[in-house]
Amino acid sequence: MIRLILLPLLLIFAGCASPGKQTAALQPVKFAERPKNIILLIGDGMALSQVSAGIYWIGVGKTAFERFPVVGFHKSHSCDDLVTDSAAGATAFSCGQKTINNAIGVLPDNKPCTTILEDLDQRGYATGMVVTCSAPHATPASFIAHREIRAFTEEIALDYLKTPIDCFIGGGEHFFNDRPDRLNLEDTLKQRGYVIRRGTTFGRLPLDGSAPFMLFTAEREPPTASANRRYLPDATRTACHYLKKRSDKGFFLMVEGSQIDWACHANDATWLRAELVDFDRTIKQALDFAASDGETLVLVTGDHECGGLALAEGSTKQEFKPVFSCKLHTAAMVPVFAFGPKAELFTGLYDNTEIYGKMRAALEIIQTQ
Ligand code: MG
Ligand code: ZN
């Protein structure tokens, strides 16, 4: 009787186990005692169900997610709402403080908080952001801007002039060169020594680290991954090598798979699948860099869940049916994946704000704001 029950189960698990043998597990890497660099990859709207879907769509044992030795979970709620938006969610990571939904790099009383990107820039680190949205969109904005409302996009673009970020790759060029106030922020940036380029190739950038740059990949929002947008993995690898040359002190790079969230808002599983494939390739680039570098801490997380995604029973036993339960964000906890020196700090279950403190602890920056 037991054998009868076990046999089909064993067959199922034997079928699942074989791809696991192909897992691209990282070779043992000799890490430095503490990281010099941090790459924080944020999948907007990506919680456990999105990661699960990505793993099953791409193939068990074939994803970058499965290469992380350390996993934790964060509680994503904002200061006034169990369900966060991306502004409060990213501000929790950037400032280590819970704030109200819609707030960009400011506390509930509207006081600006110094972000980790700004702080590390002050300390001599090279800094960068690579995203698949426009520069003033909530997630990148929360690392460099301080505005009460995320919709103040023209003002948020102005804040890019205040912090000398070393590289930005993403969309939204019109916020810099075609503004209602007629200011040309690209001219100002050029006067400050920035190289400004547009497109999705990297050959004409100062990749030797000799100058800061902004590469605009789109006039407005970049296309979707399902419409053949492909730059995020290469841009991430390029940014890592550039930032390493840019400062001996180390670097901080924030990478966002911005449109995972948009696909979930749209309840569009085809779009979500393309975004997760793109984000997984991007994580692979970060891990490969970190594995060869040995001084880089790689973190992957989301800011919140979106779409209430369930992996329901599919038409065969080998596939699932993605079912969205809503078109908005939800309060589900979000996984945190860590690789590299001090990765172990990220085990356990904690508030989203602690990611900020753990990053600082990893870099051994004790002083708090
Ligand atoms: Mg975002
Ligand atoms: Zn959203």
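The values are calculated or read from the model by the stated rules, or taken from the named source; none is laboratory data. This is a predicted model, so every value here is computed, not measured. FYI the Cβ positions are ideal-geometry reconstructions off the backbone, even for glycines, and counts take in every protein chain you see.
Filter segment 63-94 down to the residues that are away from ligand 2 (no atom under 16 Å from the Cβ) and over 19 Å from residue 41 (Cα atoms) and list them by number.
Within segment 63-94, 79, 80 qualify.
If the requirement is being more than 16 Å from ligand 1 (Cβ to nearest atom), in a loop (DSSP other than H, G, I, E, B) and of a type in the set (A, V, I, L, M), which of these qualifies: 100, 55? Outline the logic, then answer.
Working: 55 fails: in a loop (DSSP other than H, G, I, E, B).
Sole residue among the options that is more than 16 Å from ligand 1 (Cβ to nearest atom), in a loop (DSSP other than H, G, I, E, B) and of a type in the set (A, V, I, L, M): 100.
What about residue 23, is it modelled with pLDDT under 95 and in contact with a helix residue (DSSP H, G or I) (Cβ under 8 Å, 6 or more places away or on another chain)?
Details: modelled with pLDDT under 95: yes; in contact with a helix residue (DSSP H, G or I) (Cβ under 8 Å, 6 or more places away or on another chain): yes.
Spelling it out, residue 23 is indeed modelled with pLDDT under 95 and in contact with a helix residue (DSSP H, G or I) (Cβ under 8 Å, 6 or more places away or on another chain).
Which of the residues spanning segment 224-239 are out of contact with any strand residue (DSSP E or B) (no Cβ under 6 Å at 6 or more places or on another chain) and either within 16 Å of ligand 1 (Cβ to nearest atom) or acidic (Asp, Glu) (or both)? Show your work before the answer.
Of all residues in segment 224-239, those out of contact with any strand residue (DSSP E or B) (no Cβ under 6 Å at 6 or more places or on another chain) come to 224-231, 233-234, 237-238.
If the condition is that a residue be out of contact with any strand residue (DSSP E or B) (no Cβ under 6 Å at 6 or more places or on another chain) and either within 16 Å of ligand 1 (Cβ to nearest atom) or acidic (Asp, Glu) (or both), then 224, 225, 229, 234 are the ones that fit.
Given the criterion in contact with a strand residue (DSSP E or B) (Cβ under 7 Å, 6 or more places away or on another chain), farther than 27 Å from residue 286 by Cβ and of a type outside the set (Gly, Ala, Ser), identify the matching residue among 221, 173, 155. So that I can check it myself, show each step before the final result.
Working: 221 fails: farther than 27 Å from residue 286 by Cβ; 173 fails: farther than 27 Å from residue 286 by Cβ.
Only one candidate qualifies: 155.
For residues that are hydroxyl-bearing (Ser, Thr, Tyr) and touching a Gly at 6+ places or on another chain (Cβ under 6 Å), tally how many sit in segment 119-136.
First, the residues of segment 119-136 that are hydroxyl-bearing (Ser, Thr, Tyr): 125, 127, 132, 134.
Retained after the next criterion (residues that are touching a Gly at 6+ places or on another chain (Cβ under 6 Å)): 125, 134.
Final tally of qualifying residues: 2.
Could you please let me know if residue 97 is at pLDDT below 95, more than 16 Å from ligand 2 (Cβ to nearest atom) and of a type in the set (S, T, N, Q)? Spell out the reasoning first.
Details: at pLDDT below 95: no; more than 16 Å from ligand 2 (Cβ to nearest atom): yes; of a type in the set (S, T, N, Q): yes.
For residue 97, the condition - at pLDDT below 95, more than 16 Å from ligand 2 (Cβ to nearest atom) and of a type in the set (S, T, N, Q) - is not met.
One line per residue, one yes/no per condition, for (1) surrounded by fewer than 24 Cβ atoms within 10 Å (Cβ to Cβ); (2) farther than 25 Å from residue 263 by Cα:
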residue	(1), (2)
96	yes, yes
100	yes, no
111	yes, yes
119	yes, yes
124	yes, yes
130	no, no
135	no, no
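Please state which one of 227, 263 is modelled with pLDDT of 95 or more and within 20 Å of the chain's Cα centre (by Cα). Break it down into steps so the answer makes sense when it comes.
On the way: 227 fails: within 20 Å of the chain's Cα centre (by Cα).
The match here is 263.
Anything in segment 205-263 that is buried (at least 19 other Cβ atoms within 10 Å of the Cβ), under 20 Å from residue 174 (Cα atoms) and either in contact with a His (Cβ under 8 Å, 6 or more places away or on another chain) or of a type in the set (Ser, Thr, Tyr) (or both)? List them, or say none.
217, 224, 231, 258
State all residues of segment 312-338 that are more than 16 Å from ligand 2 (Cβ to nearest atom), aliphatic (A, V, I, L, M) and assigned to a loop (DSSP other than H, G, I, E, B); if no residue qualifies, say none. Before the answer, list the steps.
Keep residues of segment 312-338 that are more than 16 Å from ligand 2 (Cβ to nearest atom), which gives 312-323, 333, 335-338.
Narrowing the set further to residues that are aliphatic (A, V, I, L, M) leaves 312, 323, 333, 336, 338.
Result: 333, single match.
Restrict the check to segment 290-305 and report whether at least one residue is within 16 Å of ligand 1 (Cβ to nearest atom), outside any helix (DSSP H, G or I) and of a type in the set (D, E, K, R).
yes
Please verify whether residue 200 is within 16 Å of ligand 2 (Cβ to nearest atom) and of a type outside the set (Gly, Ala, Ser), treating the condition exactly as stated. Break it down into steps so the answer makes sense when it comes.
Details: within 16 Å of ligand 2 (Cβ to nearest atom): no; of a type outside the set (Gly, Ala, Ser): yes.
Answer is no for this residue.
Before we move on, is residue 276 farther than 25 Å from residue 37 by Cα and surrounded by 17 or more Cβ atoms within 10 Å (Cβ to Cβ)? Steps first, please.
Details: farther than 25 Å from residue 37 by Cα: no; surrounded by 17 or more Cβ atoms within 10 Å (Cβ to Cβ): yes.
Against the criterion (farther than 25 Å from residue 37 by Cα and surrounded by 17 or more Cβ atoms within 10 Å (Cβ to Cβ)), residue 276 does not qualify.
Working only within segment 240-277, note down all residues that are within 15 Å of ligand 1 (Cβ to nearest atom), in a helix (DSSP H, G or I) and charged (D, E, K, R).
Residues satisfying the conditions are 261, 275.
Contact list please: Cβ distance under 6 Å, first residue in segment 256-274 and within 14 Å of residue 232 (Cβ to Cβ) and within 12 Å of ligand 2 (Cβ to nearest atom), second residue among the polar types (S, T, N, Q) and part of a strand (DSSP E or B), pairs at least six apart or on different chains.
Listed by first residue and then by second, the contacts come to 258/132; 259/132.
Residues checked against (1) crowded, with 22+ Cβ neighbours inside 10 Å; (2) in contact (Cβ under 8 Å) with a residue 12 or more places away in the chain:
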residue	(1), (2)
175	yes, yes
187	no, no
192	no, yes
201	no, no
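Could you grab the pairs with beta carbons closer than 7 Å, sequence gap of 6+ or different chains, first residue in segment 65-86 and part of a strand (DSSP E or B), second one at pLDDT 95 or above and within 16 Å of ligand 2 (Cβ to nearest atom)?
Once the first residue is part of a strand (DSSP E or B) and sits in segment 65-86, its partners that are at pLDDT 95 or above and within 16 Å of ligand 2 (Cβ to nearest atom) give 73/334; 74/301; 74/334; 74/352; 75/352.
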